[in-house]
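Data first, discussion second: the structure below is written as structure tokens.
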Amino acid sequence: MSNVKFFGGEQYPVEMHKVRIIQKLNLLPVEERLVAAQEAGHNTFLLENKDVFLDMLTDSGVNAMSQDQQAAMFRADDAYAGSATFTRLRDKVVEIFGMPHFLPVHQGRAAEHLLSTVLVKPGTYVPMNYHFTTSKAHVVANGGEVLELIKPEGLQVTSEHPFKGDMDVAALRALISDKGADAIAFVRMEAGTNLIGGQPVSLANMTEVSAVCRDHGIPFVMDASLIADNLYFCKTREASCADLDVREIMRAMCDLYDVIYFSARKVGFGRGGGICVRDDRLFHKLRELIPLFEGFLTYGGMSVREIEAITVGLDETMDLDMINQGPIFIDYMVRELERRGVPVITPPGGLGAHIDAMRFLDHLDQHDYPAAALASALYIASGVRGMERGTMSEQRNADGSEPLAHMELVRLALPRRVFTLSQLNYAIDRLDWLYQNRRLIGGMEFTEEPEILRFFFGRLAPKGSDWPAALVAQFREDFGDSL
Ligand SMILES: *Cc1c(COP(=O)(O)O)cnc(C)c1O
């Protein structure tokens, strides 16, 4: 992907790949989208894909593969033990990450499960720049406590800070002197971050945190699931990386860590995961758990075909022309939304565009789930499926009260190499229309509220008025008989 200058002087992102396999999409009329939203309890997780036009729910396991990945899948060596397919992946991981040991797992959360099982003891702490849902759940399940040490800029919705994922190193030092190094199970760096807008971590910050960890003998762990975007941001935003190529930046990062794990549903354009380990003893402890929870050591719960695809995908992750597609598209989308006054998280990060529902729907109370209302309204207005990342994604306290989220976001993930610029322009246009008509959007209330992970299965209904019907009527008035 490159930003190319057009004759009129504007710069537009131009794809450095062509599409050779397609999947037909449906765009239902707005009345049918309303029915689909109602049937899904206004929860975008519960929509059926046949009713979705542009699926921007997630980047997990839905990135487009290259022809080289698909070709590699045909030569997979389907053996339980000693598969040549696995050897190819291990050699590639060792080459890129530079760690001596590699263990396969079926997806990212499996790596988190095993690492927390081995490293987290009841009463210990796991400081991190910011949590991810599954990484926190596994620490807590093992009796540990997650402490988020994101710098204050990380939680400011609008900013031009280039590395909003950076950890507060002074806070980490203070924590270690307060609790003692032995009480810290490990320090986890998520590069880049997921829940706070795909914001990256600088190499400089990783270097500082690594030095603190080494001084105190604390394992330093990287969650590299979103590393492709983070590498692009280091290359383009960090002066010390400007003259390094992607591989060199990657190695400079990896050399700072004791453990690196990843979800290959994100990095590597496939479906799987892995853990790289430096220390022999830790490697042996983790290795014992692989056959118990994942599968034999030479597949770890992954299909051999996916392993072949990941091996090639990791190599492509070292190619700037491949990994810049996501961030450049996201940059385009965020800047275009900003230009139309639609409130978004800035600067643009990786993963997707993040709409700030708190400002978009500033007439709603946060207890009425503004991000959930906006996600449903956007689906009705456009057939675009985003994901609520706000109070609905939190869990009630034991006393039934509701913790309000730091941010009320609707995330529009851009799976890598999947959408075209005209599809992005369509989503931008419908968001613009929705913003002009935002007063029509009302709040939500639960009709079914599961106790755990309620955002996956919970069902909602409009609160107070039938505002979705009013939205559909306005859509017809403005767009005539267009879809
Ligand atoms: C997706 C993700 C995970 C979990 O990976 P899965 O493959 O979905 O289990 C962990 N950390 C981060 C940062 C992620 O984005």
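The values are calculated or read from the model by the stated rules, or taken from the named source; none is laboratory data. Predicted model only: the values in this text are computed from it and were never measured. Here the Cβ is made from the backbone with ideal geometry for all residues, glycine too, and neighbour counts use every protein chain on show. The protein model used for the area step is the full one, side chains on, heavy atoms only, and it has no ligands, DNA or RNA in it. Shrake-Rupley method; radii C 1.70, N 1.55, O 1.52, S 1.80 Å.
Some observations on this one:
- The residues in region 163-197 that are open to solvent by 50 Å² or more (accessible area, probe 1.4 Å) and touching a residue at least 40 places away in the same chain (Cβ under 8 Å) can be counted, and the count is 1.
- Counting only helices (runs of 4 or more DSSP H) that sit completely within region 310-360, those holding 1 or more residues that are in contact (Cβ under 8 Å) with a residue 12 or more places away in the chain and farther than 14 Å from residue 416 by Cα correspond to 325-339, 357-360.
- Annotation note: Cβ proximity below 6 Å between a residue of region 455-483 that is in the same structural domain as residue 381 (by TED's automatic domain parsing) and on the phi > 0 side of the Ramachandran plot and a residue that is assigned to a loop (DSSP other than H, G, I, E, B) and modelled with pLDDT of 95 or more (sequence gap 6+ or interchain) occurs for 464/442.
- Which listed residue, of 352, 390, 400, 383, is in contact with a strand residue (DSSP E or B) (Cβ under 9 Å, 6 or more places away or on another chain) and either under 18 Å from residue 442 (Cβ atoms) or modelled with pLDDT under 95 (or both): 390
- Any hit, region 79-91, residues being outside any helix (DSSP H, G or I), of a type in the set (A, V, I, L, M, F, W, C) and more than 30 Å from residue 255 (Cβ to Cβ): yes
- Taking region 101-149 as the range and being over 13 Å from residue 186 (Cα atoms) and of a type in the set (Phe, Trp, Tyr) as the test, the residues that pass are 102, 130, 132.
- Test for residue 442: is it in the same structural domain as residue 335 (by TED's automatic domain parsing), in contact with a Phe, Trp or Tyr (Cβ under 7 Å, 6 or more places away or on another chain) and either closer than 19 Å to residue 46 by Cα or open to solvent by less than 40 Å² (accessible area, probe 1.4 Å) (or both): yes
- Residues in region 39-50 that are away from the ligand (no atom under 16 Å from the Cβ), in a helix (DSSP H, G or I) and surrounded by fewer than 19 Cβ atoms within 10 Å (Cβ to Cβ): 39, 46, 49, 50.
- Residue list for region 93-135, restricted to those being near the ligand (Cβ under 10 Å from one of its atoms), more than 26 Å from residue 308 (Cβ to Cβ) and not in a loop (DSSP other than H, G, I, E, B): 133, 135
- Selection count where residues are open to solvent by less than 30 Å² (accessible area, probe 1.4 Å) and out of contact with any helix residue (DSSP H, G or I) (no Cβ under 8 Å at 6 or more places or on another chain), scope region 240-283: 1
- Within region 141-150, the residues that satisfy the criterion of being away from the ligand (no atom under 15 Å from the Cβ) and touching a strand residue (DSSP E or B) at 6+ places or on another chain (Cβ under 7 Å) are 144, 145, 147, 149.
- Residue match in region 207-224 (condition: outside the structural domain of residue 412 (by TED's automatic domain parsing), assigned to a helix (DSSP H, G or I), within 18 Å of residue 326 (Cα to Cα) and within 11 Å of the ligand (Cβ to nearest atom)): no
- Residue in region 238-253 that is within 16 Å of the ligand (Cβ to nearest atom) and either touching a strand residue (DSSP E or B) at 6+ places or on another chain (Cβ under 8 Å) or not acidic (Asp, Glu) (or both) present: yes
- Those residues of region 57-77 which are at pLDDT below 95 and either assigned to a helix (DSSP H, G or I) or among the aromatic types (Phe, Trp, Tyr) (or both), in sequence order: none
- Hits in region 154-185 (condition: charged (D, E, K, R) and at pLDDT 95 or above): 164, 166, 168, 173, 178, 179, 182
- Checked against (1) touching a helix residue (DSSP H, G or I) at 6+ places or on another chain (Cβ under 7 Å); (2) within 30 Å of residue 323 (Cα to Cα), residue 425 meets all criteria but (1).
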